[in-house]
Amino acid sequence: MGKLRDQMTMEMELRNYSPKTIQAYIGHMTAFTRMFHKSPAEMGDAEIRQYLHHLKTVKKVSYSNINIAYSALKFFYTQVLRRQWQVMKLP
């Protein structure tokens, strides 16, 4: 994900995201790509939902952490790849 990670980092820095937010978003994007062994550019809604479900059921992370993952994925797909966002917001 090297080039895409750099592009995502640059987009967040241009928007004045905090270093901790950048680190959290990049961490989730890295975990997402490792889970599926594919570039995020090759994945879509189904993989995103599977990843969020995995965080909830297997990793048992807090809702706030799932929300951070959701926001990271949404930022990446809408701001870096310029795709439409179709994944419904979680309750």
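Just so you know, all these numbers are worked out from the coordinates, no wet-lab data involved. Not measured: the values here are computed from a predicted model. In this analysis, Cβ positions are derived from the backbone assuming ideal geometry, glycine residues included, and neighbour counts consider all displayed protein chains.
Worth a mention:
- About the centre of its Cα atoms, the chain shows a dipole size close to 220 debye [charges on the beta carbon of Lys, Arg (+1) and Asp, Glu (-1) only; nearest 20 debye].
- The trypsin sites (Lys or Arg not before Pro) of segment 53-91 that meet both conditions, a loop assignment by DSSP and at most 16 other Cβ atoms within 10 Å of the site Cβ, are Lys59, Lys60, Arg82, Arg83, Lys89.
- Put simply, segment 2-80 fits an ellipsoid with semi-axes of 20, 15, 10 Å; these come from the alpha carbon gyration tensor as the roots of five times its eigenvalues, largest first.
- Residues Thr57 and Gln79, FRET efficiency given R0 of 30 Å [Cβ-Cβ distance, rounded to 0.05]: 0.60
- At full extension, Gln23 and Lys38 could sit 3.3 nm farther apart than now, given 0.36 nm per residue minus the alpha carbon distance.
- Within the chain, the selection of entire DSSP H helices by a Cα span of 24 Å or greater along the long axis and an average Kyte-Doolittle value of at least -0.5 returns 19-36.
- Computed lengthening from Ser71 to Lys89, 0.36 nm per intervening residue step minus Cα-Cα distance: 5.5 nm
- Per residue, the average separation of C-alpha pairs within less than 8 Å and at least 6 apart gives segment 2-80 a relative contact order of 43 percent.
- Using the Cβ-Cβ distance between Ser64 and Lys3 with R0 = 35 Å, the FRET efficiency computed as 1/(1 + (r/R0)^6) comes to roughly 0.70.
- Taking the fewest neighbouring Cβ atoms within 10 Å as the starting point, the ordered list for Thr9, Thr57, Thr78 is Thr57, Thr78, Thr9.
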